[in-house]
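Asker: Quick one: the structure is below, and I'll ask about it shortly.
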Amino acid sequence: MPITTCIFDAYGTLFDVAAAARQAASEPEFPHLQDSWAELASNWRLKQLQYTWLRAITNTHADFWDVTQDGLDWAMEAAGLAADAALRQRLLDLYWQLQAYPEVPAMLNTLKSAGMNTAILSNGSPAMLDGAVQSAGLGDVLDDVLSVESVGIFKPDARVYDLVGARFNCAREEVLFVSSNGWDAAGASGYGFVTAWVNRAGEPVDRLPWKPAHILPDLTTIPDLAKG
C-alpha cells in the first residue's frame with residue numbers, strides 16, 4: 001500500500017531540543033554554562049522523557065510543559081545550578097523558540113509538493129507545539145499538529161497513534177511515521193505504521209519487541225522513502 005501520510009514527532013525530530021541550552025551558553029549572562037550545556041541538555045531531555053513514561057504507566061497525566069519544567073529542574077540540580085533562577089527562566093523561554101534542523105523546511109516542502117499529508121504527532125501540548133511551529137516557520141507545510149492532550153496519555157500508548165487514522169482517514173500501512181526516539185519508532189512499528197528512526201547520534205537499536213523499518217542519519221531522504 002503506498003504511503004499517503006507522513007507523520008513526524010516534534011521534539012528531537014523536527015526541532016533541536018539541545019538548542020535552548022546551546023543558545024543560553026552562548027549568551028554573556030551565563031558564562032558558567034559554556035562547559036556544561038551539553039550535559040545539561042542531555043539530562044533535561046532524558047528526565048523529560050522518563051517522566052512521560054512514568055506518568056503514563058501510573059495514570060498521572062500532566063501537561064507536557066509541566067513535565068518539561070520538572071525535567072529541567074532535575075537537570076539543573078544535578079549540574080549544581082538549582083539556585084540559578086535567571087538561567088532557569090531563560091532556558092524555559094528558549095524552549096518555546098526551538099530551532100528546526102536545517103533540512104526540515106526543504107524536506108516538508110518536497111512532501112507537500114508530492115501531494116502527501118504531513119503532520120506532527122507529539123507529546124507536546126497544543127500551545128507549546130504552536131509556538132515551535134510558528135517560530136520555525138513551518139505552518140504552511142503541515143496539514144495538522146496533533147497533541148496527546150486530546151487523549152490524555154503520552155506516547156507510545158496506542159491511543160496516541162490512533163489520532164492519525166482519525167484525522168486523515170488512512171490505513172496504518174499508508175503512514176510513514178518518523179521519530180528521533182528509538183522507543184517511539186519501535187512503538188509505532190508495533191502499531192502498524194511504516195517507521196523511520198532518525199538516529200542522529202548513531203545510538204544502538206533499543207531492545208524492544210519491534211524495530212523501525214528504516215534507520216536514517218537525518219531527515220533528508222524522507223521524501224524518497226515516502227515515494228517507495
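Asker: Within region 128-141, can you find the residues that are in a loop (DSSP other than H, G, I, E, B) and surrounded by fewer than 18 Cβ atoms within 10 Å (Cβ to Cβ)?
Answerer: GLY137, the sole residue that qualifies.
Asker: Output the qualifying pairs, or none if there are none: Cβ atoms under 9 angstrom, residues six or more apart or on different chains, first residue in region 90-118 and closer than 30 Å to GLN69 by Cβ, second residue among the aromatic types (Phe, Trp, Tyr) and surrounded by fewer than 16 Cβ atoms within 10 Å (Cβ to Cβ).
Answerer: LEU92/TRP65; TYR95/TRP65
Asker: A further question on this structure: Of everything in region 86-107, what is within 13 Å of the chain's Cα centre (by Cα), of a type in the set (S, T, N, Q) and at pLDDT 95 or above? Give them in sequence order.
Answerer: Hits for region 86-107: nothing passes.
Asker: What residue, among those in region 171-193 that are in a helix (DSSP H, G or I), touching a strand residue (DSSP E or B) at 6+ places or on another chain (Cβ under 6 Å) and within 23 Å of ARG45 (Cβ to Cβ), is most open to solvent (accessible area, probe 1.4 Å)?
Answerer: Only one residue tops the list, namely SER189.
Asker: Is it fair to say ASP70 is touching a Lys or Arg at 6+ places or on another chain (Cβ under 9 Å), within 21 Å of PRO156 (Cα to Cα) and without any contact (Cβ under 8 Å) to a residue 40 or more places away in the chain?
Answerer: Considered against the rule, which asks whether it is touching a Lys or Arg at 6+ places or on another chain (Cβ under 9 Å), within 21 Å of PRO156 (Cα to Cα) and without any contact (Cβ under 8 Å) to a residue 40 or more places away in the chain, ASP70 comes out as yes.
Asker: Sticking with this one: Looking at region 3-22, is at least one residue touching a Cys at 6+ places or on another chain (Cβ under 6 Å), within 29 Å of LEU163 (Cα to Cα), in contact (Cβ under 8 Å) with a residue 12 or more places away in the chain and open to solvent by 10 Å² or more (accessible area, probe 1.4 Å)? Can you show your working first?
Answerer: From region 3-22, those touching a Cys at 6+ places or on another chain (Cβ under 6 Å) are 4-5; that's our starting set.
With within 29 Å of LEU163 (Cα to Cα) added as a condition, the list becomes 4-5.
Subset that is in contact (Cβ under 8 Å) with a residue 12 or more places away in the chain: 4-5.
Filter once more, so that each one left must be open to solvent by 10 Å² or more (accessible area, probe 1.4 Å): 4.
Taking every residue of region 3-22 in turn, at least one turns out to be touching a Cys at 6+ places or on another chain (Cβ under 6 Å), within 29 Å of LEU163 (Cα to Cα), in contact (Cβ under 8 Å) with a residue 12 or more places away in the chain and open to solvent by 10 Å² or more (accessible area, probe 1.4 Å).
Asker: May I pose another question? Does ALA62 meet the test of being assigned to a helix (DSSP H, G or I) and either touching an Asp or Glu at 6+ places or on another chain (Cβ under 7 Å) or surrounded by fewer than 20 Cβ atoms within 10 Å (Cβ to Cβ) (or both)?
Answerer: no
Asker: Ok, one more. Restricting to region 146-170, give me the number of residues that are touching a residue at least 40 places away in the same chain (Cβ under 8 Å) and open to solvent by 50 Å² or more (accessible area, probe 1.4 Å).
Answerer: Summing the residues that are touching a residue at least 40 places away in the same chain (Cβ under 8 Å) and open to solvent by 50 Å² or more (accessible area, probe 1.4 Å) in region 146-170 gives 2.
Asker: Which residue out of THR52, THR13, THR68 is closer than 30 Å to GLU174 by Cα, outside any loop (DSSP other than H, G, I, E, B) and under 15 Å from the mean Cα position of the chain (by Cα)?
Answerer: So the residue among THR52, THR13, THR68 that is closer than 30 Å to GLU174 by Cα, outside any loop (DSSP other than H, G, I, E, B) and under 15 Å from the mean Cα position of the chain (by Cα) is THR52.
Asker: Within region 85-127, work out how many residues are loosely packed, with under 15 Cβ neighbours inside 10 Å and within 21 Å of LEU49 (Cβ to Cβ). Before the answer, list the steps.
Answerer: First, pick out the residues of region 85-127 that are loosely packed, with under 15 Cβ neighbours inside 10 Å: 85-86, 89, 92-93, 102-103, 106, 113-115, 127.
If we keep only those that are within 21 Å of LEU49 (Cβ to Cβ) as well, we get 92, 127.
Going through region 85-127 one residue at a time, the tally reaches 2.
The values are calculated or read from the model by the stated rules, or taken from the named source; none is laboratory data. In this text, all values refer to a predicted model and were calculated from it rather than measured experimentally. We place every Cβ from the backbone using ideal geometry, glycine too, and count neighbours over all the protein chains shown. Note: accessible area is taken over every heavy atom of the protein model, side chains too, but ligands, DNA and RNA are not part of it. Shrake-Rupley method; radii C 1.70, N 1.55, O 1.52, S 1.80 Å.
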